[in-house]
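Encoded as structure tokens, the structure appears first; notes follow it.
The values are calculated or read from the model by the stated rules, or taken from the named source; none is laboratory data. Here the structure is a predicted model, which is why all the values come from computation and not from measurement. With ideal geometry, Cβ positions are generated from the backbone for all residues, glycine too; neighbour counts draw on all protein chains shown.
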Amino acid sequence: MSFTTHSTPPKPRLLTVTESCRWYPRITITGAWLREWGFAIGDSVILMHTGPAEILIKIGLDLDHVDLLRCRPKNASRNPEIRQGASYSLSPSRRGCPQIVIAGAWLRNWGFAIGDRVSLTLTSANHIIMKLAMPRAQWREILQKQRLEKRAASAAAVLARHKAIHPDLYPDEAPKPARKRVHAFRPAKPAQPSLLDQLAAPLRDTGAAVAARSANAPVQVS
């Protein structure tokens, strides 16, 4: 048993309830992350039923009065059910990681069934809270969706390769030649006079009018 101080709470772990050799629900908790959560090979643990489909896993051989009051379900008329013994201890897995296997018909009474998805969360007191995260029916549909999406993606890839090898079998999907864009002729717009020409235009018109009057005026002979 060696507790690690975490600056941020570890992410919850997700597991699936499997079936034991006697067709009972079985939950196998194993991994190197258990060491980071303070659980080591050889530690004995206590299982406490703290609510519907909720189990508290605590390292130790006994629960004191403070633990019972803190973990006791709200509005409970009696103390929570507790399971402990030599069978609830962490043993080495095949990879040398801490491992504990929880199995038995009593798991059904505590709210867990084969195929359910459960979550494991580390508390501030270095206990593990195991809760039902997803019923087996919902989890089964999610797995079915993932399988169908994988099959659809695989079939689409196979079809694309077949089209590339045998394009003559797919005439309707042959690439169409690119169309040449024909640009319609547009007459060029007349150039707009500059600002200087616009200012000088009235002066030119006035000068032209004066010149025209001068040309039309009678010539006086003295």
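Here are Thr4, Thr8: which of them is at pLDDT below 85, part of a loop (DSSP other than H, G, I, E, B), touching a helix residue (DSSP H, G or I) at 6+ places or on another chain (Cβ under 9 Å) and not assigned by TED's automatic domain parsing to the domain that holds His127?
On the way: Thr8 fails: touching a helix residue (DSSP H, G or I) at 6+ places or on another chain (Cβ under 9 Å).
Answer to the check: Thr4.
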Boolean, Arg140 is modelled with pLDDT of 70 or more and of a type in the set (Lys, Arg): yes
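Could you say whether any residue in the range 16-36 is farther than 28 Å from Asn109 by Cβ and β-branched (Val, Ile, Thr)?
We begin by selecting, within the range 16-36, every residue farther than 28 Å from Asn109 by Cβ; these are 32-33, 35-36.
If we keep only those that are β-branched (Val, Ile, Thr) too, we end up with none.
Scanning the range 16-36, I find no residue that is farther than 28 Å from Asn109 by Cβ and β-branched (Val, Ile, Thr), so the answer is no.
Out of all the residues in the range 107-127, which are of a type outside the set (A, V, I, L, M, F, W, C) and on the phi < 0 side of the Ramachandran plot? Can you show your working first?
Filtering the range 107-127 for residues of a type outside the set (A, V, I, L, M, F, W, C) gives 108-109, 111, 115-117, 119, 121, 123-124, 126-127.
Listed by number, the residues that qualify are Arg108, Asn109, Asp116, Arg117, Ser119, Thr121, Thr123, Ser124, His127.
Here is a list: Ala53, Ala40, Ala32. Which entry is touching a Cys at 6+ places or on another chain (Cβ under 7 Å) and surrounded by fewer than 18 Cβ atoms within 10 Å (Cβ to Cβ)? It would help to see each step written out before you state the result.
Numbers: Ala53 fails: touching a Cys at 6+ places or on another chain (Cβ under 7 Å); Ala40 fails: touching a Cys at 6+ places or on another chain (Cβ under 7 Å).
On inspection, the qualifying residue turns out to be Ala32.
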Hits in the range 89-135 - residues which are in contact (Cβ under 8 Å) with a residue 24 or more places away in the chain, part of a helix (DSSP H, G or I) and surrounded by fewer than 16 Cβ atoms within 10 Å (Cβ to Cβ): Arg108
Residue list for the range 25-74, restricted to those being farther than 22 Å from Gln99 by Cβ, in a loop (DSSP other than H, G, I, E, B) and at pLDDT below 90: Pro52, Asp62, Leu63, Asp64, Arg72, Pro73, Lys74
